[in-house]
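Asker: Dropping a structure here in structure tokens format, bear with me for questions.
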Amino acid sequence: MTPPYRVGDELPPLEIPVTRTLIVAGAIASRDYQDVHHDAASAREKGSPDIFMNILTTNGLVGRYITDHFGPTAVLRKVAIRLGAPNYPGDVLRLTGRITELRTADTSSADASLDEVVEAIEAVVQVTGGNGIGRHVTGTVAVTLPEPSAKRAGA
């Protein structure tokens, strides 16, 4: 069965309000305790107008964008991003994506006793994200998407 995706397909945009809570919570969750991600006075002393989002939070949001679109069975295989303009509180991060490649991949079950081989599709998606001051993130994500007809061997 051919998947319902084609090279060139655009993913719908996702807009994420950039709040202080998101910035601080993302830094704490990723164990990034650098003061520029939670202390506005320290960030200003270091030349930034305010606290700003760390790369691990951005990486997580890019992953969320992909899995929100492709669904709960999608498996992120590779996320490669590069940051640009910082994300400051009060702005909105707008993520967009475009499928640049589709390929067939065979994946075997991690549990060899299941003797399962699933035919899958791997999509490569070019992702960009901008905010009010410019391009915040660019990158590519490889994601495996089991085909709807995939099932256990012998089922």
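Asker: Report the residue count in region 42-91 for those that are assigned to a helix (DSSP H, G or I), more than 15 Å from the chain's Cα centre (by Cα) and among the hydrophobic types (A, V, I, L, M, F, W, C).
Answerer: Looking only at that region, the number is 1.
Asker: I'd like to verify a number: residues in region 6-38 that are part of a helix (DSSP H, G or I), farther than 15 Å from residue 60 by Cβ and of a type outside the set (D, E, K, R), how many?
Answerer: 1
Asker: Now a separate question. Considering only residues that are open to solvent by 50 Å² or more (accessible area, probe 1.4 Å) and touching a Leu at 6+ places or on another chain (Cβ under 6 Å), which ones fall in region 35-68?
Answerer: Within region 35-68, 55 is the sole residue that qualifies.
Asker: Would you confirm, using the coordinates I've provided, whether residue 76 is of a type in the set (A, V, I, L, M) and surrounded by 17 or more Cβ atoms within 10 Å (Cβ to Cβ)?
Answerer: When the stated conditions are applied, residue 76 does not pass them.
Asker: Kindly indicate which of 80, 40 is out of contact with any helix residue (DSSP H, G or I) (no Cβ under 8 Å at 6 or more places or on another chain), closer than 20 Å to residue 135 by Cβ and of a type in the set (A, V, I, L, M).
Answerer: Working: 40 fails: closer than 20 Å to residue 135 by Cβ.
Checking each option against the conditions leaves just 80.
The values are calculated or read from the model by the stated rules, or taken from the named source; none is laboratory data. Everything numeric here is computed off the predicted structure, so don't read it as measured data. Cβ coordinates were reconstructed from backbone atoms using ideal geometry, including for glycine residues, and neighbour counts include every protein chain displayed. Ligands, DNA and RNA are stripped out before the accessible areas are found, and what is left, the full protein with its side chains, is counted by its heavy atoms. Shrake-Rupley method; radii C 1.70, N 1.55, O 1.52, S 1.80 Å.
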